[in-house]
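The structure under discussion appears below in the form of structure tokens.
The values are calculated or read from the model by the stated rules, or taken from the named source; none is laboratory data. It should be emphasised that the depicted structure is a prediction, and the values quoted were computed from it without experimental measurement. Cβ coordinates were reconstructed from backbone atoms using ideal geometry, including for glycine residues, and neighbour counts include every protein chain displayed.
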Amino acid sequence: MPSTNIRVLPENVVNKIAAGEVVERPASVLKELMENALDAGGTRIDIEIAAGGRKLVAISDNGSGMDRDNALLAIERHATSKIGDVDDIEHINTLGFRGEALAAIASVSRFRLTSAREGDDAATEVMISGGKIQDVREIGGPSGTRIEVRDLFFNVPARRKFLRSQQTELTHIRSAFMFQALAHPEVGMSLSVDGRVLHRLAPGGEDAIADRVRDLFGEDYLAQLRPVDFEAEGVRVQGYTGLPSFSRADRTEQYVFVNGRATSAPLLGYAIRTGYHSLLPRDRHAVLVLFITVDPEAVDVNVHPTKKEVRFRRPSEVRDGVIGALQKALAIEAPAPMTFDGGAAPEGASIPHVAVPELQLAINDLPPARAFRYPRIPIQTAEGHPVAVMDQPFGPGGMVAPGEPAVDAAAAGAAAEGGTPAAPWSWCRVLGQVGALYVVLEIEDGMVLMDPHAAHERVLYEKFMQKFTDGGIATQSLLVPDTVELSATDANLVRRHSEVLQRMGVGIADFGGDSFVIDAVPAFLASVKPAQLLAEIVRELELGGASRARGKLNEDAIIQASCKAAVKSRDALTLDEIEQLVIDLAGTRMPYTCPHGRPTLIYTSYHELNRKFGREH
């Protein structure tokens, strides 16, 4: 039996235990050191990695630096310049604050710190091995700080054995670097691996976030993102979010920052899923770079030793802010209705927007491809005034007539200055159907495949939602009222929100205990079992509050109605029907996915086609 006597653990044992919490792998070392460099005010950070971080993780910055006394204090546990007393924990505005990282890292590595303040005659060098100071001396060096971490876990063999392959550890390092590089686009950074420079990032300019995303992922990647800028209830959300067609199978490309800190919270994951509700399938995830700014006193970062997770003091405001920001960024206004003959509609004239009819599908052979004049699309100029893309004059074969400009000069200028068309394309022509299903379109910079069923679903869904919003909820009484038994927790939720349920069209009365009687349901949900309906509403009440439950209920019902009413796969369409569907789809708020989240359009640019055919120069 082990001894039952209580004793204070030796300092070296305490440090190794702390290291187990803070230092999981080389990427953890990089994260902690980069946060220290950023807190020190560094505007340039250079990183060197060797052997996947096992042999070396080194970081140099041009920050404020330290003198000899502060350099020695920095490697002590719970020594920090970022907080002074307990009240400071309530409004932390730095990335680090615990004062544990350097001591923990130095206890499980061969550690070298060199630092100097601007104007110092010499720099201070501190050498540590396994937590024990080996040497302290003055050397020459620039202002700022350089830290080298060698042979990580050399004195903790059990931990070293759990490190993965060099390639796996390097993947984690690159991910940690990516998060910090995105979080602080105003700081220049570089990453070298085994003597090879992988990233050399200049400080961002006027639009620093876009510059950093472009530098890390490329121009094509940025083109698939939409800007986010939203503020409400003291919550500011900025950044970029991806079109639904640009989704991923996992969340690895969701970069979320709270007050400049790369972090996460279950609340944020829920808000992102809700923001993309009806835009993405369940197994797909959005690509985004989001910066959430709140009052430091409204967020608790002192939750996890590695600061991986935060808690919000007013979570509903943050949740609603993120949802509102995503929905605003993904909303696409309908184009102005125009005629097909190239002329603008007279001012004040009303041109009916014809809905897709109940299609007569007796025609099997599609007519030959013809030029299709798409209505003019508003483009925002730099001053915010809309101008119009000109209808395209087509020559033989549907090509732009020689000598004619592709777009109006003012519109082209607006687009060059960052204006975004309100529709997925400024002109197109229908080429036909393939596989008796998919519609092929040519647009100004590539080709598009359209799924008519998914496209029609999106058109009908938005029309139904608009009618529902305008007209309210019709209820239908049940012939035989249904009794539903709930858990105690769910029953309390239902009682608290009984008025909301009534406004949603659910006739419900307390039957005693945890039982309820339902005698009416929304008319468009008459086919749903009352018990199933109430369970769904309760789940949404628990996750997102009353307003979300109502919206989710309505959306799900209308999604199903849209699916039933839309044209079916394998339906052959006439060219006129396809053209009308293309126009109606381009006029929706979100033309890229159906309400279930499946894509309506698959786009291939000429650049991509040239690359595949080896025609790039």
Point to revise | Odd one out for SER3 among (1) in a loop (DSSP other than H, G, I, E, B); (2) at pLDDT 75 or above | key: (2)
Check your understanding: Only one of ARG214, ARG251, ARG226 is assigned to a loop (DSSP other than H, G, I, E, B) and either within 25 Å of HIS607 (Cβ to Cβ) or touching a His at 6+ places or on another chain (Cβ under 6 Å) (or both); which?
Key -> ARG251
Review point. Restricting attention to segment 143-174, which residues are exposed (fewer than 14 other Cβ atoms within 10 Å of the Cβ) and either in contact (Cβ under 8 Å) with a residue 60 or more places away in the chain or of a type in the set (Lys, Arg) (or both)?
Key: LYS161, ARG164, SER165, GLN167, THR168
Point to revise | Residue ID - surrounded by the fewest Cβ atoms within 10 Å (Cβ to Cβ), chosen from residues in segment 503-549 that are small (Gly, Ala, Ser) and modelled with pLDDT of 80 or more | key: GLY512
**Study point:** Subset tally (residues that are buried (at least 17 other Cβ atoms within 10 Å of the Cβ) and touching a helix residue (DSSP H, G or I) at 6+ places or on another chain (Cβ under 6 Å)) for segment 436-451
**Key:** 1
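When you look at GLU118, is it more than 31 Å from the chain's Cα centre (by Cα), assigned to a loop (DSSP other than H, G, I, E, B) and not polar (S, T, N, Q), yes or no?
Numbers: more than 31 Å from the chain's Cα centre (by Cα): yes; assigned to a loop (DSSP other than H, G, I, E, B): yes; not polar (S, T, N, Q): yes.
Yes, satisfied.
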Exercise for review: Return the residue satisfying two criteria in turn: it lies in segment 222-246 and is of a type in the set (Gly, Ala, Ser) and without any contact (Cβ under 8 Å) to a residue 60 or more places away in the chain, and of such residues it is nearest to ARG598 (Cα to Cα).
Suggested key: GLY242
**Study point:** In segment 16-56, residue modelled with the lowest pLDDT [restricted to those that are charged (D, E, K, R) and outside any helix (DSSP H, G or I)]
**Key:** GLU24
Point to revise | Filtered residue count, segment 413-447, keeping only those that are modelled with pLDDT under 75, more than 21 Å from GLY587 (Cα to Cα) and not in a loop (DSSP other than H, G, I, E, B) | key: 2
Exercise for review: Would you point out the residue of segment 256-283, among those that are surrounded by fewer than 22 Cβ atoms within 10 Å (Cβ to Cβ) and aromatic (Phe, Trp, Tyr), that is modelled with the lowest pLDDT?
Suggested key: TYR270
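Would you be able to say whether some residue in segment 268-287 is of a type outside the set (S, T, N, Q) and assigned to a strand (DSSP E or B)? Break it down into steps so the answer makes sense when it comes.
Of segment 268-287, the ones of a type outside the set (S, T, N, Q) are 268-273, 275-277, 279-287.
Still in the list and also assigned to a strand (DSSP E or B): 285.
Scanning segment 268-287, I find at least one residue that is of a type outside the set (S, T, N, Q) and assigned to a strand (DSSP E or B), so the answer is yes.
Name the single residue, out of those in segment 588-617 being without any contact (Cβ under 8 Å) to a residue 40 or more places away in the chain and either in contact with a strand residue (DSSP E or B) (Cβ under 7 Å, 6 or more places away or on another chain) or part of a loop (DSSP other than H, G, I, E, B) (or both), that is farthest from VAL440 (Cα to Cα). Before you say what the answer is, go through the steps one by one.
Within segment 588-617, the first condition is being without any contact (Cβ under 8 Å) to a residue 40 or more places away in the chain, and the residues that meet it are 610-617.
If we keep only those that are either in contact with a strand residue (DSSP E or B) (Cβ under 7 Å, 6 or more places away or on another chain) or part of a loop (DSSP other than H, G, I, E, B) (or both) as well, we get 613-617.
Numbers: PHE613: 19, GLY614: 23, ARG615: 23, GLU616: 24, HIS617: 27 Å.
Within segment 588-617, the match that is farthest from VAL440 (Cα to Cα) is HIS617.
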Practice item. Quick one: GLN254 ticks every box in (1) more than 24 Å from VAL187 (Cβ to Cβ); (2) without any contact (Cβ under 8 Å) to a residue 40 or more places away in the chain; (3) under 10 Å from the mean Cα position of the chain (by Cα) except a single one, so which number is it? Key: (1)
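Filtering segment 60-74 down to residues that are among the small types (Gly, Ala, Ser) and more than 14 Å from ARG137 (Cα to Cα), which residue is modelled with the highest pLDDT? Spell out how you get there, then give the answer.
As a first pass, look at segment 60-74 and keep what is among the small types (Gly, Ala, Ser): 60, 63-65, 71, 74.
With more than 14 Å from ARG137 (Cα to Cα) added as a condition, the list becomes 60, 63-65, 74.
Details: SER60: 97, GLY63: 94, SER64: 93, GLY65: 94, ALA74: 88.
Per the stated criteria, the residue is SER60.
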Exercise for review: Out of the residues in segment 193-211 that are loosely packed, with under 14 Cβ neighbours inside 10 Å and outside any loop (DSSP other than H, G, I, E, B), state the one that is farthest from the chain's Cα centre (by Cα).
Suggested key: ARG196
Exercise for review: Could you tell me whether any residue of segment 231-252 is within 24 Å of THR588 (Cβ to Cβ), of a type in the set (Asp, Glu), surrounded by fewer than 16 Cβ atoms within 10 Å (Cβ to Cβ) and in the same structural domain as ALA298 (by TED's automatic domain parsing)?
Suggested key: no
Exercise for review: For SER109, indicate whether it is out of contact with any Leu (no Cβ under 8 Å at 6 or more places or on another chain) and modelled with pLDDT of 85 or more.
Suggested key: no
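I need the full set of residues from segment 38-79 which are in contact with a Gly (Cβ under 6 Å, 6 or more places away or on another chain) and either under 25 Å from GLU169 (Cα atoms) or of a type in the set (A, V, I, L, M, F, W, C) (or both), in order please. Explain how you work it out, then say what you get.
Here is the first cut: in segment 38-79, the ones in contact with a Gly (Cβ under 6 Å, 6 or more places away or on another chain) are 39-42, 44, 61-65, 78-79.
Correct list: ALA40, ARG44, ASP61, ALA79.
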